Amino acid sequence: MSIESIAVLEIGTSTVRVMVGELRGDGEVSVTGLGEAESRGIRKGEIINRDHAIASVRAALKAAEADFRKRIHTIHLITSGGQAESKTNTGILKLVDPEDNQLSEVNVEDIEEVSEVARKVALPENRIKLHTLQQYFQIDDLFDVTSPVGMTGEELRLDMLNIHGKRSTVDNFRKIVDDAPIHCTDAIFSGLCSAIAVVNEEQKKAGVLVIDIGGGTTDFVLYHDRLVQAAASIAVGGEHITNDISIGLKIPSGQAELVKKNDGSALTNLMERDHNISIPAQQGFPSKMVRAVTLNTIINARMEEIFVLVKKQIDQHCSNIPMTAGVLLCGGGAFLNGVRDLGQKVFNAPCSFGKPTAVHGLPSTKDAPRYAAHIGGIRYAAALHKREENPTLRKKFATIFWGSSHE
């Protein structure tokens, strides 16, 4: 596979998906291969059966290769599990000797040095760094500086946002890929990939929250002033809603998934008290009639919990950041009826689908939010390849974006 073609893999709780694409000269992503398989052996973003998980990865790879009409030799792993979190670390660089009564001008070498200090955050042994994202500079008492080169001062500081995950989870997923067998180039946080695919520069500046609702996990990334302010993953997703419906209505999980998609809503409406939903007999379960308001109350409780958990994390780490551009929803859970209205209620901000831009070759435009993480993953990996072709940019790029696994 040529360097222009990039393959990304996401091992989700519901679906294992491989996408192959190219970033063209005009900035558009061209999808040239897509393979999907039912995810087996994964629960809540964690591996519970390696053999089943490997079989699912192999099936998705085979389907992607058939669509791409070429063998795939290397792949970028999109990780949505691993209990991802973000933490800000500050690097400090003295520009002048304290005994000298003079100021010093900041140069490119100073930026590289303070960046290297800022990215060396101490993490527990059970955590692994995924990404290191540059935040604001500070020169003496001047805060929120974005480009300090040429400015003068005595001390230079730089905040770095480190996105890290559970080491065992990330390593286990990498081993699954190796055993498929296929070479895993690196691991990329799913939430960041989705954000790259659906957010433009104006939204980043104004403030926007991207939420990717998967089967077993929900990822989020918050932008403001063109910088990532917070990012994390919570172990609750669409399959938890399905499980709640199965238990609450006493029906098989397969039927629970269908009734959720076809008849359910994340909003409760008391006017539906007289509206009933017919559920046919299946797999030893008798047929029954259930009230729509009962179904929607179950869905609402779990979906509201997901949004509230995201909101709590944001409030804890970076409260009072405006979301003027609203909330963008991605992933399979974004298609649940009423979910956008519920999101607007919880976050008190406009809520809409996060649709990848400048992309063609997807199965349908309507389903584009399902593929946000994969489109963003291709863009991210293409940026890596481009910088690796230019050795003068490679070190600087690695300092800003990559963590310990890429040192």
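The values are calculated or read from the model by the stated rules, or taken from the named source; none is laboratory data. Because the structure is a prediction, the values reported are computed rather than measured. Here the Cβ positions follow ideal geometry from the backbone for every residue, glycine too, while neighbour counts run over all protein chains shown.
Tell me yes or no: at least one residue of the stretch 292-309 is among the small types (G, A, S), at pLDDT 90 or above, farther than 30 Å from K87 by Cβ and surrounded by 18 or more Cβ atoms within 10 Å (Cβ to Cβ).
Filtering the stretch 292-309 down to residues among the small types (G, A, S) leaves 292, 301.
Keeping just the survivors that are at pLDDT 90 or above gives 292, 301.
Adding the requirement that they be farther than 30 Å from K87 by Cβ leaves 292, 301.
Next cut, surrounded by 18 or more Cβ atoms within 10 Å (Cβ to Cβ) only: 292.
Yes, some residue in the stretch 292-309 is among the small types (G, A, S), at pLDDT 90 or above, farther than 30 Å from K87 by Cβ and surrounded by 18 or more Cβ atoms within 10 Å (Cβ to Cβ).
Kindly indicate whether any position in the stretch 37-58 is of a type in the set (D, E), in contact (Cβ under 8 Å) with a residue 12 or more places away in the chain and either closer than 21 Å to E239 by Cα or touching a Cys at 6+ places or on another chain (Cβ under 7 Å) (or both).
First, pick out the residues of the stretch 37-58 that are of a type in the set (D, E): 38, 46, 51.
Now narrow it down to the ones that are in contact (Cβ under 8 Å) with a residue 12 or more places away in the chain: 38, 46.
Now drop any that are not either closer than 21 Å to E239 by Cα or touching a Cys at 6+ places or on another chain (Cβ under 7 Å) (or both), which leaves 38, 46.
There is at least one residue in the stretch 37-58 that is of a type in the set (D, E), in contact (Cβ under 8 Å) with a residue 12 or more places away in the chain and either closer than 21 Å to E239 by Cα or touching a Cys at 6+ places or on another chain (Cβ under 7 Å) (or both).
Mind checking which residues of the stretch 345-362 are within 15 Å of R24 (Cα to Cα) and not in a strand (DSSP E or B)?
If we filter the stretch 345-362 for residues that are within 15 Å of R24 (Cα to Cα), which is where we start, we get 357-361.
Listed by number, the residues that qualify are T357, A358, G361.
From the list D97, D144, D140, D178, exactly one residue is surrounded by fewer than 18 Cβ atoms within 10 Å (Cβ to Cβ) and at pLDDT below 90. Which is it? Walk me through it before giving the result.
Working: D144 fails: at pLDDT below 90; D140 fails: at pLDDT below 90; D178 fails: at pLDDT below 90.
None of the other options fit; the residue is D97.
Which of (1) at pLDDT below 90; (2) under 16 Å from the mean Cα position of the chain (by Cα) does R379 not meet, given it meets every other one?
(1)
Could you check, for the stretch 204-215, whether at least one of its residues is of a type outside the set (A, V, I, L, M, F, W, C), more than 30 Å from A358 (Cα to Cα) and not in a strand (DSSP E or B)? So that I can check it myself, show each step before the final result.
Start the filter on the stretch 204-215 by keeping residues that are of a type outside the set (A, V, I, L, M, F, W, C), which leaves 204-205, 207, 212, 214-215.
Going one step further and asking which of them are more than 30 Å from A358 (Cα to Cα), we end up with none.
Taking every residue of the stretch 204-215 in turn, none turns out to be of a type outside the set (A, V, I, L, M, F, W, C), more than 30 Å from A358 (Cα to Cα) and not in a strand (DSSP E or B).
Taking Y223 and the conditions (1) part of a strand (DSSP E or B); (2) over 16 Å from the mean Cα position of the chain (by Cα); (3) crowded, with 24+ Cβ neighbours inside 10 Å, which numbered condition does it fall short on, given that it satisfies the others?
Of the numbered conditions (1) part of a strand (DSSP E or B); (2) over 16 Å from the mean Cα position of the chain (by Cα); (3) crowded, with 24+ Cβ neighbours inside 10 Å, the odd one out for Y223 is (2).
Conditions tested, residue by residue: (1) under 32 Å from the mean Cα position of the chain (by Cα); (2) of a type in the set (D, E); (3) in a loop (DSSP other than H, G, I, E, B); (4) farther than 30 Å from R174 by Cα.
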| residue | (1), (2), (3), (4) |
| --- | --- |
| T88 | yes, no, no, no |
| Q102 | no, no, yes, yes |
| S115 | yes, no, no, no |
| A122 | yes, no, yes, no |
| E125 | yes, yes, yes, no |
| L130 | yes, no, no, no |
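Filter the stretch 153-174 down to residues that are among the basic types (K, R) and under 21 Å from the mean Cα position of the chain (by Cα) and give me whichever is surrounded by the most Cβ atoms within 10 Å (Cβ to Cβ). Let's see the steps before the verdict.
Filtering the stretch 153-174 down to residues among the basic types (K, R) leaves 157, 166-167, 174.
Checking the rest, the ones that are also under 21 Å from the mean Cα position of the chain (by Cα) come to 166-167, 174.
Values: K166: 20, R167: 17, R174: 16.
Filtering the stretch 153-174 for residues that are among the basic types (K, R) and under 21 Å from the mean Cα position of the chain (by Cα), the one surrounded by the most Cβ atoms within 10 Å (Cβ to Cβ) comes out as K166.
Cβ-Cβ under 9 Å, sequence separation 6+ or interchain: first residue in the stretch 119-132 and closer than 13 Å to D186 by Cβ, partner among the basic types (K, R). Which pairs?
Final answer for the pair search is I128/K166; I128/R167; K129/R119.
When you look at A232, is it under 28 Å from M323 (Cα atoms), touching a Gly at 6+ places or on another chain (Cβ under 9 Å) and assigned to a strand (DSSP E or B), yes or no? Write out each step before concluding.
Values: under 28 Å from M323 (Cα atoms): yes; touching a Gly at 6+ places or on another chain (Cβ under 9 Å): yes; assigned to a strand (DSSP E or B): yes.
Against the criterion (under 28 Å from M323 (Cα atoms), touching a Gly at 6+ places or on another chain (Cβ under 9 Å) and assigned to a strand (DSSP E or B)), A232 qualifies.
Based on what the data block shows, is I196 of a type in the set (A, V, I, L, M, F, W, C), within 10 Å of the chain's Cα centre (by Cα) and under 26 Å from I241 (Cβ atoms)?
Working: of a type in the set (A, V, I, L, M, F, W, C): yes; within 10 Å of the chain's Cα centre (by Cα): yes; under 26 Å from I241 (Cβ atoms): no.
No, not satisfied.
Give the residues of the stretch 12-57 that are touching a Leu at 6+ places or on another chain (Cβ under 9 Å) and not in a strand (DSSP E or B), sorted by residue number.
V57, the sole residue that qualifies.
Scan I75, I92 and give me the residue that is outside any helix (DSSP H, G or I), crowded, with 24+ Cβ neighbours inside 10 Å and in contact (Cβ under 8 Å) with a residue 40 or more places away in the chain. Please lay out each step first, then the result.
On the way: I92 fails: crowded, with 24+ Cβ neighbours inside 10 Å.
Going through I75, I92 in turn, the sole match is I75.
Does G150 satisfy the condition of being surrounded by fewer than 18 Cβ atoms within 10 Å (Cβ to Cβ) and in contact (Cβ under 8 Å) with a residue 12 or more places away in the chain?
Details: surrounded by fewer than 18 Cβ atoms within 10 Å (Cβ to Cβ): yes; in contact (Cβ under 8 Å) with a residue 12 or more places away in the chain: yes.
Spelling it out, G150 is indeed surrounded by fewer than 18 Cβ atoms within 10 Å (Cβ to Cβ) and in contact (Cβ under 8 Å) with a residue 12 or more places away in the chain.
Could you list, in sequence order, the residues of the stretch 232-272 that are touching a residue at least 60 places away in the same chain (Cβ under 8 Å), in contact with a Phe, Trp or Tyr (Cβ under 9 Å, 6 or more places away or on another chain) and either outside the structural domain of F307 (by TED's automatic domain parsing) or β-branched (V, I, T) (or both)?
Passing the criteria: only I234.
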